[in-house]
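The values are calculated or read from the model by the stated rules, or taken from the named source; none is laboratory data. Just so you know, these numbers come straight off a predicted model, no measurement behind them. Positions of Cβ are backbone-derived with ideal geometry, glycine not excepted, and every protein chain shown enters the neighbour counts. Please note that ligands, DNA and RNA were not included when accessible areas were found on the heavy atoms of the full protein model with its side chains. Shrake-Rupley method; radii C 1.70, N 1.55, O 1.52, S 1.80 Å.
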Amino acid sequence: MKSKSLCTGIAAGVLSIVLAAWPVALAQAADAAPTTTNERLRALFDKRWEALMKTYPGWATFVGDHRYGDRLEDASREAIAANDAATRQTLAEAKAIDRGMLSALDRASLDVFVFELEDDVRFQPFIGYRSMSLGALGGFQSGFAGLLQASPVDSAVQAQQILARMAAYPRRVEQEIALLREGMALGWVPPRNVLERVLPQIDSQIDVTLDKSPFFEPFTRLASSIPAAEHEALSKDARLAIETHVLPALRRLRTFVADEYLPKAAADGALSSYPGGAEVYAAAVQSQTTTPLSARQVHDIGLREMARLRGEIDAVMREVKFEGSFTQFVKYLNTDPKFFHTSPEALLAGYRDIAKRIDPGLPRLFAELPRAPYGVRAMPGHFSEDRAEYYDGPALDGTRPGWFNANAKAWRKNPTWGMETLVAHEAVPGHHLQIARAVELGELPKFRRSAFFTAYVEGWALYAETLGFELGLYKDPYSRFGHLQWQAFRAGRLVVDTGLHAFGWSRQRAIDYLVDNTGEDPALVAAEVDRYYSQPGQALAYMIGQLKIVELRDRGRAKLGDRFDIRQFHMVVLDQGAVPLPALERAVDAWIAARQAAAAQ
């Protein structure tokens with residue numbers, strides 16, 4: 001996850017010091033103070049990390065720090081201003097560090113640290129854009145339910161923390177509504193199609209019995225060590241808190257969206273239609289791709305890759321001797337019952353079977369594998385059938401495994417031929433292998449072990465899909481089509497996201513382009529296009545990241561010849577943690593140079 005700004009408060013030390021102990025205290029302080037440039041840098045990393053945990057206690061829960069599990073973020077305008085100022089101050093401190101005095105590892109960490117801070121500062125002036133927190137496929141409207149799902153309940157104390165968060169939720173909702181109103185006054189409201197998706201997401205959390213509520217979910221998994229009487233009392237308190245705090249706050253949010261926000265929404269959500277939107281999109285493209293690429297360059301890359309992939313898709317059609325058009329082929333694949341499971345449970349079992357088939361082949365491609373386990377589960381019931389599958393990483397403290405969250409609701413719509421490439425992306429060798437490995441890189445500072453640069457993380461997952469050929473996947477031509485279709489969809493994103501936000505494309509033109517070129521279901525495509533309105537530039541990161549990893553792999557093979565080791569190359573890529581693509585390129589180039597130097601000796 002990309003770091004956010006931090007608070008400036010520093011915990012005060014003990015002020016009462018016995019005078020007789022003063023010399024000892026001075027000596028201990030001197031011993032503890034950073035004495036080298038490397039130590040000063042690590043101290044700066046630690047200070048920011050601690051501030052981030054306090055400032056964003058929800059994120060702290062996701063990374064496994066539960067010290068602030070009874071709190072929610074302060075999203076008041078005053079707190080945001082203070083956090084922004086603190087980010088600028090931290091950036092100044094980081095830039096004052098003498099890079100020449102650092103170890104190679106710390107130089108790399110400093111570069112990533114500065115990149116993150118500069119990226120945050122770049123978006124600080126865009127107040128209206130930053131206010132748009134309600135997204136087509138999720139956002140503030142579903143964030144609290146997701147936070148509770150990630151919250152541990154291994155003790156009564158942790159359950160009480162959740163109850164405290166429920167009590168704090170109404171204030172947090174009021175703060176968010178204030179920010180949404182501020183953005184609305186500046187002319188920044190998501191488009192109508194996006195907000196029309198937000199309302200049913202809220203409704204699905206409200207219109208459900210308490211014991212089936214996503215907010216009650218933690219209390220269905222209370223630790224067995226909690227006495228039965230206390231277990232019952234906590235569950236009773238949870239039902240009351242949901243009724244008196246959570247649901248009324250969500251209803252207020254819904255009323256605001258339906259009665260005040262949605263009427264101000266425009267039909268066109270292109271950033272070019274917002275005040276200063278062109279500048280925002282240029283920043284978003286560079287932020288999401290972590291490169292200096294322009295929208296035009298990205299658009300052209302997408303057109304090139306789409307042409308290549310469509311050629312491979314046409315070859316599959318010839319292989320299976322299909323005589324009709326591409327549209328007819330896709331219709332056949334999406335309507336014949338033989339390509340679908342017969343129940344949600346069968347769909348989940350199918351995903352798990354694919355994962356088990358992949359696991360034994362991983363040592364052929366990776367010198368080391370993460371220790372953290374992963375599983376496949378159905379995503380929460382309040383998500384719709386159009387919600388894309390996703391991955392939740394393990395906690396830094398090792399208390400939570402990784403999870404591939406499958407859309408079991410969509411078992412009638414998710415064909416078997418698309419499942420292998422999806423497991424390779426979301427589980428192994430994709431998100432789980434990369435993110436779980438990053439969590440275990442103890443020599444890296446914490447901010448690097450939990451960093452999330454989309455171009456790296458999603459670029460790796462898209463690259464991981466291509467490794468399926470070496471792991472025994474895609475033997476069936478229809479499964480190979482599923483792989484190529486998803487790759488083409490990511491190429492199409494480069495064309496469509498830039499088309500929408502930079503080149504005047506309409507929503508319908510974007511939908512038509514993706515449907516015509518990938519054959520994807522129009523309903524899914526429409527949801528995806530609305531996602532691009534919600535998260536401008538985010539969809540560009542996938543293929544840009546993949547292409548960079550492929551470029552670096554091919555560079556290594558060309559320069560090292562027989563000395564190129566794919567297992568070691570993959571570890572070089574993974575053992576950086578998530579980094580901007582220029583930092584990844586520097587790391588791979590250094591590895592190539594070291595291998596060349598060793599061979600020359």
What residue, of Ser534, Ser506, is buried (at least 20 other Cβ atoms within 10 Å of the Cβ) and hydroxyl-bearing (Ser, Thr, Tyr)? Ser534
For Phe219, are the conditions met, namely being in a loop (DSSP other than H, G, I, E, B) and surrounded by 19 or more Cβ atoms within 10 Å (Cβ to Cβ)? no
Looking at the stretch 347-366 only, could you name the residues that are touching an Asp or Glu at 6+ places or on another chain (Cβ under 8 Å), open to solvent by less than 50 Å² (accessible area, probe 1.4 Å) and under 24 Å from Gln568 (Cβ atoms)? Gly361, Leu365
Of (1) free of Cβ contacts under 8 Å to residues at least 60 places away in the same chain; (2) hydrophobic (A, V, I, L, M, F, W, C); (3) surrounded by fewer than 16 Cβ atoms within 10 Å (Cβ to Cβ); (4) within 28 Å of Leu547 (Cβ to Cβ), Ala282 satisfies every one except (3)
Selection within the stretch 316-335 - open to solvent by 40 Å² or more (accessible area, probe 1.4 Å) and without any contact (Cβ under 8 Å) to a residue 12 or more places away in the chain: Arg318, Lys321, Phe322, Glu323, Ser325, Gln328, Lys331, Tyr332, Thr335
Residue satisfying all of: in the stretch 572-591; open to solvent by less than 20 Å² (accessible area, probe 1.4 Å) and assigned to a loop (DSSP other than H, G, I, E, B); farthest from Leu540 (Cα to Cα) among these: Gly577
Within the stretch 421-534, helices (runs of 4 or more DSSP H) holding 1 or more residues that are farther than 27 Å from Tyr129 by Cβ and among the polar types (S, T, N, Q): 431-439, 454-466, 477-502, 507-518
Among Ser131, Ser109, Ser103, Ser142, which is out of contact with any Cys (no Cβ under 9 Å at 6 or more places or on another chain) and surrounded by fewer than 20 Cβ atoms within 10 Å (Cβ to Cβ)? Ser103
List every residue pair whose Cβ atoms lie under 6 Å apart, where the two residues are 6 or more positions apart in sequence or sit on different chains, the first residue falls within the stretch 238-264 and is surrounded by 20 or more Cβ atoms within 10 Å (Cβ to Cβ), and the second residue, located anywhere, is charged (D, E, K, R) and at pLDDT 95 or above. none
I need the full set of residues from the stretch 245-272 which are among the hydroxyl-bearing types (Ser, Thr, Tyr) and touching a helix residue (DSSP H, G or I) at 6+ places or on another chain (Cβ under 9 Å), in order please. Tyr261, Ser272
When Pro292 is evaluated against the numbered criteria (1) under 26 Å from the mean Cα position of the chain (by Cα); (2) open to solvent by 50 Å² or more (accessible area, probe 1.4 Å); (3) under 24 Å from Gln175 (Cα atoms), which criterion, by number, is the only one it fails? (3)
Scan the stretch 126-133 and give yes if some residue there is under 26 Å from Val525 (Cα atoms) and part of a loop (DSSP other than H, G, I, E, B), otherwise no. yes
